[in-house]
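Just so it is clear, none of the values below were taken in a lab; they were calculated from the coordinates. Source: prediction; values computed, not measured. Quick reminder, even Gly has a Cβ in these numbers, built from the backbone with ideal geometry, and neighbours come from all protein chains shown.
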Amino acid sequence: MPRFRAILDTVPPYKAGKAVVSADGRSYKLSSNESPYGPLPSVVEAISKAASDVHLYPDPGATGLTNALADRYGVPPEHIALGAGSVTVAQQLFETVSEPGAEVIYAWRSFEAYPLLADLAGATSVRVPLLGETHHLDAMADAITPQTRMIFVCNPNNPTGTVVHRAELEVFLNRVPEDVLVVLDEAYQEYVRDTDVADGVTVYRDRPNVAVLRTFSKAYGLAGLRVGYLIAGEPVASAVRKTTVPFAVNHLAQVAAVASLAAEEELLERVDLVVKERGRVREALVAQGWTVPVTEANFVWLRLGERTMDFTGACAAEGVAVRPFPGEGARISIGTPEANDTFLAVAAAFKGA
């Protein structure tokens, strides 16, 4: 047998959300934080036109998309790095800072890819337990050592949906040494309605050690095309670009992302519909007697402990797929009203059992 890296014996594969089907054929996938709405007609048209060019390599620098993002956020193109989804850009960040002995701090529980990416990059994970369901920024700052290279702040946090507010983030950043990179992972930023939540693109402008991660997979409905991006000072963005796999963002993805930015006002009307449903779902759960953290993402979180897998099974029996974290809880994406109503009926029955 060929010899492989020893770390692969301990690294579990990433578990994507799965679909389930009830006995009567119903299937509602609320396990992957996907948009319940497809891309806008103008985006579909742009993809269709671009399909005739897929025999050609894509623009390796994604120049059109980079410039469109620079215009959208009012930043220099040199401050942008792209990847196949924000998780791939996160992987590039780990590769950029990691070497034997390097430490990376993140909250736990948070995005489940962080420990996987850290292990594969050879970095040492430093997991700081949540305070309730939110980031414990004081404890994260206390965890910084001379070996710390990078800190992830997932805001809103996946899977709890909770947020870090502007004032507490500023206090935290003031405690972080200038040679430690702080990554604000804002994959769900478009769903945020709390005006006290920090906007990473504003924060990074005055802090050279802050980088922002965002994606077209969630609010923009392009999960199947994989487009993520980083906004940071030129030294950070340049370093991340060095770790990019050539042609990582394919031609259709680049075209679709540019078209989505052009139709952003119309597209964000759909985001408002998801936000409205999010409020309805959470209020219904609270009325049923559940404790549900206030969420600013496109999902809700139920702390279920040892009942997690029983709850997941009850949902699956009705054709509702949720994202379980055994022994902890379940994350439920906001879907169509029909899907949400089916989920709420299961939740009510489970609570009353």
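Assorted remarks:
- Within the listed set Gly327, Gly85, Gly161, the residue fluctuating most in the Gaussian network model of the chain (springs between alpha-carbon atoms under 10 angstrom) is Gly327.
- Each of His251, Thr291, Leu267 was placed along the dipole of the stretch 230-353 (beta-carbon charges, centred on the mean Cα), and the one lying farthest toward the positive end is Thr291.
- Karplus-derived 3J(HN,Hα) values for the stretch 186-202, using 6.51 cos²θ - 1.76 cosθ + 1.60 with θ = phi - 60°, are 10, 4, 10, 4, 5, 8, 6, 10, 6, 6, 8, 7, 5, 9, x, 5, 6 Hz; glycine and proline are entered as x.
- Most simply put, the chain has about 50% antiparallel DSSP beta bridges, counting only bridges with both residues inside it.
- Kyte-Doolittle mean at least -1.0 and Cα axial length at least 27 Å: DSSP H helices in the chain: 264-288
- Within-14-Å neighbourhood charge of Lys18 [Cβ basis; K, R +1; D, E -1]: +3
- Shape category assigned to the stretch 57-98 from the gyration tensor of Cα positions, a/c cut at 1.5: oblate
- Counted charge near Ala102, where neighbours are those whose Cβ lies closer than 13 Å (Asp, Glu -1; Lys, Arg +1): -4
- Dipole in debye (nearest 20) - the stretch 1-138, about Cα centre, beta carbon charges: Lys, Arg +1; Asp, Glu -1: 460
- The residues neighbouring Ala330, those whose beta-carbon lies less than 15 Å from its own, together hold a net charge of +4 under the Lys/Arg +1, Asp/Glu -1 convention.
- Relative contact order of the stretch 6-82, pairs being alpha-carbon contacts under 8 Å that are 6 or more residues apart, as %: 14
- When the chain is treated as a Gaussian network with alpha carbon springs shorter than 10 Å, the biggest mean-square fluctuation among Met140, Met309, Met150 belongs to Met309.
- Once Rg and the Kirkwood radius are both taken over the C-alpha atoms of the stretch 110-240, their ratio Rg/Rh works out to 0.93.
- Mean residue ellipticity at 222 nm, helices only, the chain: -11500 deg cm²/dmol; runs of at least 4 DSSP H residues each add -39,500 (n - 2.57), and the sum is divided by the number of residues.
- Antiparallel %, DSSP beta bridges [both residues in the stretch 75-160], to 5: 10
- Charged side chains reduced to their Cβ positions (Lys and Arg at +1, Asp and Glu at -1) give the stretch 144-258 a dipole of some 400 debye around its Cα centre.
- Rg over Rh [alpha-carbon atoms, Kirkwood Rh] for the stretch 1-107: 1.05
- Between His165, His55, His79, the residue with the greatest mean-square fluctuation in the GNM of the chain (Cα pairs under 10 Å linked by springs) is His55.
- Recomputing Cα extents along the principal axes in Å from the coordinates shown identifies the correct label among (i) 56, 55, 52; (ii) 64, 41, 37; (iii) 65, 59, 38 as (i).
- Listed residue pairs exceeding 25 Å between alpha carbons, taken from Lys15/Lys218; Lys18/Lys49; Lys218/Lys351; Lys29/Lys351; Lys18/Lys242; Lys18/Lys218: Lys18/Lys49; Lys218/Lys351; Lys18/Lys242
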